[in-house]
Amino acid sequence: VQLQASGGGLVQAGGSLRLSCAASGGTFSLYAMGWFRQAPGEEREFVAVINWSGGSTYYADSVKGRFTISRDNAKATVYLQMNSLKPEDTANYYCAAVRTLGRMPTTPLDYTYWGQGTLVTVSS
């Protein structure tokens, strides 16, 4: 499975961005999809995950109520809508995929496939 993330950019605090991650080379609906982020000098951290159908989602406390993860299985794409952005949201954002587990995967080690990062910079 190949993952291609896009949609990053520079935005002012309080603004919004929508990230996309297009998948190819596999049956997209078999995979749970996650978003992670990594700031310079920091470890990669979990942001959000969505199950294979889109019927179940889970968020990090730091983004709950501001970010929304969604997916379109027909387009083999997962999205991350980010609202009310804060400077501390600045990071490289990565999408990831794993064949559906019996639980929601929330750590980097849970995931098999990774996209390249897309940089989000939030200015104060």
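The values are calculated or read from the model by the stated rules, or taken from the named source; none is laboratory data. Predicted model only: the values in this text are computed from it and were never measured. Quick reminder, even Gly has a Cβ in these numbers, built from the backbone with ideal geometry, and neighbours come from all protein chains shown. The area values use the complete protein model at the heavy-atom level, side chains included, leaving out ligands, DNA and RNA. Shrake-Rupley method; radii C 1.70, N 1.55, O 1.52, S 1.80 Å.
So the values come out like this:
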{"item": "Listed residues VAL11, ASN51, TRP114: farthest to the positive end of the dipole of the chain (Cβ charges)", "result": "ASN51"}
{"item": "Heavy-atom surface of region 1-97, accessible at 1.4 Å and reported per residue (Å²)", "result": "46"}
{"item": "Surface/4 of the Cα convex hull for region 44-124, nm²", "result": "5.6"}
{"item": "Percent accessible area from carbon and sulfur atoms, the chain, protein chains only, probe 1.4 Å", "result": "48"}
{"item": "For the chain: relative contact order, % (alpha-carbon pairs under 8 angstrom, 6 or more apart)", "result": "36"}
{"item": "Where GluC sites (Glu not before Pro) fall in DSSP loop in region 1-102, at most 10 other Cβ within 10 Å", "result": "GLU42, GLU43"}
{"item": "Longest DSSP-loop-exposure-free segment, trypsin sites (Lys or Arg not before Pro), the chain, at most 12 other Cβ within 10 Å", "result": "1-63"}
